[in-house]
Amino acid sequence: MSTLWKYERMRIISQRMLALILLFFVLVFILVARLFYLQIIEGDKYLQMAEKNRTAVRQTLPTRGYIYDRNGVKLAENRKTFLAVLMREQTPDYHKTLDNFRKIIPLDEEELARIEKEIKRKRAFMPIRVKDNLSFDEAAKIQLNAPDLMGIQTQEETTRLYPLGADAAHVVGYVSLLTDSDMMKNPNNPLLDLPGYRIGRVGVEQAWEHVLQGKPGKRKTEINAYGRTVRVLEEVKAEKGENLTLTLDADLQKFALKAMGEEAGSAVVLDVKTGEILALVSAPSFDANVFTMPIPKKVWNGLIDNEKNPLQNKAINGVYSPGSIFKLIVALAGLESGHITADRKIFCSGRVEIGNHFFHCWKRGGHGHLTLEEALMHSCDVYFYQVAQEIGSDKILEVAQRLGFGSLTGSMLKGEKAGLLPSKQWKKEKYDESWRLGDTLNLSIGQGYLLATPLQMGRAVAQIANGGYPITPHLVKERQAFVASDEESHPNEGDSLFLSFAQDIIGGNDDAVPIISSPENAMLVSGSVLPTSPAFPPLISETDEAHMASDLSYTEDMKLILSDSASMKSQGGYAENMPVSLSKTDATTSDTPPKLEKPAFKPEHIRLVKSGMNMVVNKVGGTGYKSRFNLNGQTMAGKTASTQVRRISMKERKTGVIAQDKLPWKYRDHAMFAAFAPVASPRFAVVVVVEHGSGGSKTAAPIASRIMQETLRLYPNQTGELKRERAEP
Amino acid sequence: MSFFKERNCYLKNYNLSLWDKLCHFNYKFLFLICLVVFIGIGVLYSAANGNWDLWASKQFLRFLLSLSVLIVVSMTNLKWWMRYAYWIYFVGIVLLVVVSLFGHVGMGAQRWISLGFMNIQPSEVMKVALVMALARYFHSSSLSDIRSIQYMIPPVLMMLVPVALILKQPDLGTALMLVFVTGAIFFVVGVQIWKFFLILIAVSGCMPVIWMFLHDYQKQRVLTLLNPENDPMGAGYHIIQSKITIGSGGLLGKGFMESTQGRLNFLPERHTDFIFTVLSEEFGFLGSISVLGLYLIIILYGFYIGFRSNNFFGKVLAVGLTVNFALYVFINVGMVSGLLPVVGVPLPLVSYGGTVMLTLFFAFGLIEVVDINKDMVIGRRGSIDDG
């Protein structure tokens, strides 16, 4: 019995053990199948996920291209500055560190609050900006006090510097940190995701943003689970932006802004043969350098609240009634229509009655009998009322359009306005009113609905001065691409001892702040002269009344004329100089077959108008006579304009018009002067607009005269490409 | 039946000398165990980014300590263990009670008693003690005893008391292991199979009630297992990263010391419960199934020792301890590969940790005792000569 139960028990346990082994085999098989599924079937997927886990690709900032003036003077450059950051994990007590830091470099309450906020938000190993824009000396001081400043590190940074400060702020522009709306506008630009990237605002910095910005580099790093960089796996260097050489002359630009004095307004200097903009000034100006760093509220409010509107680039964004300057256009239209001849005289009695309205001449009592030249010289309103009545507004508008009114000039600056050429159809659409004779008369003296920018006026005058050849005002002379040199693959090696010291402390873990290699490491390889403005597609964006069609026709015209140098030689005599920089226009217009065309105007018409402008300045009694000069035999011709910003009532006319200097500033007339020089062989055009400057001859003409004299002094040699006698880099 | 044949000649006077014991010692079994330990030390070295001092060296010292325990235990007399089986079990229960009253709280659970120089984890002691007590109980039972319900009440209670105490800590993994080991012992001693099905049906019927008694974090683990992508940075993080780590190893793995998931800390606890993932990542599918194969061989060896033992106590003891070891492997690998919820069971012999290694080596020492004394015949009451 006992043996039997023993035997039975042993049999059962052996059977059951075998069954259990079988079960374990099944379990092992399930595990192997699971591993097969994870590692073999899904292996690639998980490998990718692991790879995504461990690597992070960060963009690195490219160095922005420099901007030079025509003589090589730096208008915008990059300066190395230093940034103090706090590595919280490297200090036992960051409050103490910050207190010690404040003893060396002061921090205000606002900054401290920001730092505290960042400390709360960021992980312990992420660097926190303590103070930026530190000089080398300040950074060295921090290094010297390193034992007291546990956790503080200095890092290199690039800041944009504008050596001219306020002198070229509007035209060169500035860069500043991004706002949310920038991100919205450019969702696909990887640069904009970079912390610390500064985008071009206004001026050339904005318009040539895509050229200046360069291409961001990529740094693929291995990161651990907490996001800390362990090592760099691969790196693609950032490509530097191209350098731009502008047509501006820094000295002339400075002089022009200074000449504007305390006035609000703008001044433009153009090369009438090439369309190069030598100076583009808007006054008052602002220091472009304050915008590269977070702008203090006080400074910002000061700029915003200023009634002279310093932030506006009045040369391209300010629109004015061109006033008497427009009489040049009406004169050309009259001559072209055949109604006006050189000898024909028109009588000015001081006013003209149309319907039951009186249209007054600016001179009570009138000018008497006047030829066209005399009418321009005295800026007689009645003369041009008569011309306008005879030829009609359509003819005036057609000529104005040919000279560039009502369309963007092609300067490519964003924010440029196209002005307004009021046609009959326009008025119908806008006001649902029919065109009246009064509108034509207002148009004839550059008043009414007509609006133009100073740059447009400058372009028109330049085209009259050069004999009727269309030009495109432009700012960029050359583009120079940067090519990285070999040394660049070790961005930290070439740096100073001081920096390698800093690097030691950082321990290479500068993950949050991309390394910006210094521009010195890059070589300027090709200085090839690239096509100027026409090569870049015009960046006309949301600008309101853009008359694109007419703008395009100008590009065509320009090219056509240039291709026909023989006809130019016979008619204007500018052939040897004309095509200097414009010969490269074929980039955009090569697809249209060239056809031969003459200048936009007949030489004798141009000559008459120019003669009238000459008399304005150089003949006794001319409205600009006081501003005449004779600089080594070179004289200036011009046209004054004063445009009302308020209506003069009948009552006021009877009691006597209130004197300008008795009016509050913002009710005074705008003063303008458009000039060219030298009279004998025009090369430069200057337009000065002084907002609320009372009278063109009184305020605008003297400024224009000084600017023109300086221009002639700087460029005594006016043949060929404009070059300064002695380059002052 | 060959295994039943009484082979030894000195049955009546069964007393082995130390030399005899050393001669009968199963060196092959020990070799397999040490092989797995050495693989484990290599993986720990790699998981610490090639740092010997972080885990590997300590693990090696524990191995040496555990090895000496194994050898000392293997030299003892099987009869002695049988005699004190219930006492050991009782001490285990006392320790569990003590730990629930005065134990150290770690990771949200009361598991340790600190003795100053070392920490005792009574639940680990219980894993061996319960098997020993059950083996002792069934040694003297006949088949008809086993098939009666009343006779099965004491062993069920023997299991339930420690399980209840351990669940209170709370340590679901260990409690479940005790339940499974007890189930396996019931199975091998001959409890009818229909009873297991009955229990299974009853338990699944009680599932909703059990669910209510689970702690929130335990519920969370089960829910996370069902859908880890629900909360990839929270509760699902372990499972997702664990699967990524294993999966990214592919067929041949990334190579020794080339683990990225482990080295870069994507996997917390990579040196303890999740060490298998590092192994899978570095040595791939072939490496992981090789290690699984080694485990399977050890398990089979344990069963084989049970087979060839000629006394019932030894058989049950060997099988029970082997099943315990096997459960570690299955639960851990199932857990890290996303088949089971994360219950905190280490990979035996490989995971960093002293108590588990020591307990396992103690258990292996007992299996060696069973093997050395395979020809001993122990009577129903525990005396050698009781035939």
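List, by residue number, every residue in the range B:286-303 with a reduction of 30 Å² or greater in accessible area between the chain on its own and the complete protein assembly, 1.4 Å probe.
Listed in order, they are B:Leu292, B:Leu296, B:Leu300, B:Phe303.
Under 10 Å, Cα contacts only: if you run a Gaussian network model on chain B, which one of B:Arg62, B:Arg147, B:Arg270 comes out with the highest mean-square fluctuation?
For chain B, modelled as a Gaussian network with Cα springs under 10 Å, the answer is B:Arg147.
Hey, what angle do you get for helix B:354-372 against the long axis of chain B, alpha-carbon based, 0 to 90 degrees rounded to 10?
30 degrees
Once you have the Kirkwood Rh of chain B from its Cα pairs, apply Stokes-Einstein at 37 °C and 0.692 mPa s and quote D in µm²/s.
Stokes-Einstein gives a translational diffusion coefficient of 149 µm²/s.
Counting Lys and Arg as +1 and Asp and Glu as -1, what is the net charge of the other residues whose Cβ lies under 14 Å from the Cβ of A:Lys308? Working shown, then result.
Working: positive: A:Lys314, A:Lys666, A:Arg668; negative: A:Glu262, A:Glu263, A:Asp305, A:Glu307, A:Glu691.
Counting the neighbours of A:Lys308, the net charge comes to -2.
Solvent-accessible area per residue for chain B at a 1.4 Å probe radius, Å²?
Numbers: 16000 Å² over 387 residues.
Value returned for chain B: 41 Å² of accessible area per residue.
Taking a probe of 1.4 Å and counting only protein heavy atoms, give the total accessible area buried between chains A and B in Å², rounded to the nearest 100. Don't skip to the end; give the middle numbers.
Values: alone 34380 and 18270 Å², together 47890 Å².
For chain A against chain B, roughly 4800 Å² becomes buried.
If the range A:21-146 were replaced by its equivalent ellipsoid, with semi-axes equal to the square roots of 5 times the Cα gyration tensor eigenvalues, what would those be, largest first, whole Å? Don't skip to the answer; put the middle values down first.
Numbers: eigenvalues 557, 141, 24 Å².
Semi-axes, largest first: 53, 27, 11 Å.
Exceeding 18 Å between C-alpha atoms, which entries from my cross-link table qualify? They are B:Lys79/B:Lys315; A:Lys80/A:Lys131; A:Lys314/A:Lys417; A:Lys185/A:Lys314; B:Lys315/B:Lys374.
Details: B:Lys79/B:Lys315 13 Å; A:Lys80/A:Lys131 15 Å; A:Lys314/A:Lys417 10 Å; A:Lys185/A:Lys314 26 Å; B:Lys315/B:Lys374 9 Å.
Correct reply: A:Lys185/A:Lys314.
With a 1.4 Å probe and all protein chains left in place, how much of the accessible area of the range B:275-343 comes from carbon and sulfur atoms, in whole percent? Mind showing how you got there, number by number?
Working: 930 of 1180 Å².
C and S atoms contribute 79 percent here.
How far is the Cα center of the range B:277-355 from the Cα center of the range A:301-367, in Å?
Using only Cα atoms to place each centre, the spacing works out to 101 Å.
Along its principal axes, what span do the Cα atoms of the range A:155-295 show, with the longest given first and each in whole Å?
Principal extents (largest minus smallest coordinate, Cα): 62, 34, 29 Å.
Rule-of-thumb check for the range A:51-104: C-alpha Rg over 2.2 N^0.38 Å? The partial results should precede the final answer.
Values: Rg = 19.9 Å, N = 54, 2.2 N^0.38 = 10.0 Å.
So the range A:51-104 has a normalised radius of gyration of 1.99.
Any chance you could get the radius of gyration and Dmax over the Cα atoms of the range A:362-409, in Å?
13.1, 40
What figure in square angstrom, to the nearest 10, would you give for the accessible area of A:Thr371 with a 1.4 Å probe?
20 Å²
Ignoring ligands, DNA and RNA, what percent of the accessible area of the range A:1-116 is carbon or sulfur (1.4 Å)?
Numbers: 3500 of 5810 Å².
Carbon-and-sulfur percentage of accessible area, whole number: 60.
Please build a GNM for chain B, connecting alpha carbons under 10 Å apart, and tell me which residue among B:Ile240, B:Ile305, B:Ile146 fluctuates the most.
It is B:Ile146.
Please report the orientation-averaged projected area of the range B:243-336, defined via the convex hull of its C-alpha atoms, in nm².
On the way: hull surface 24.7 nm².
For the range B:243-336, averaging the hull's shadow over all directions gives 6.2 nm².
Quick check on my link table: of A:Lys258/A:Lys477; A:Lys218/A:Lys254; A:Lys327/A:Lys698; A:Lys258/A:Lys395; A:Lys298/A:Lys414, which ones sit more than 30 Å apart, alpha carbon to alpha carbon? Provide the component values of the computation, followed by the final result.
Details: A:Lys258/A:Lys477 25 Å; A:Lys218/A:Lys254 40 Å; A:Lys327/A:Lys698 19 Å; A:Lys258/A:Lys395 40 Å; A:Lys298/A:Lys414 27 Å.
Result: A:Lys218/A:Lys254; A:Lys258/A:Lys395 exceed 30 Å.
The values are calculated or read from the model by the stated rules, or taken from the named source; none is laboratory data. All values reported here derive from a predicted model rather than from experimental measurement. So basically every Cβ, Gly included, is an ideal-geometry build from the backbone, and we count neighbours across all protein chains shown. Remember, those area values only see protein heavy atoms, side chains included, never the ligands or the DNA or RNA. Shrake-Rupley method; radii C 1.70, N 1.55, O 1.52, S 1.80 Å.
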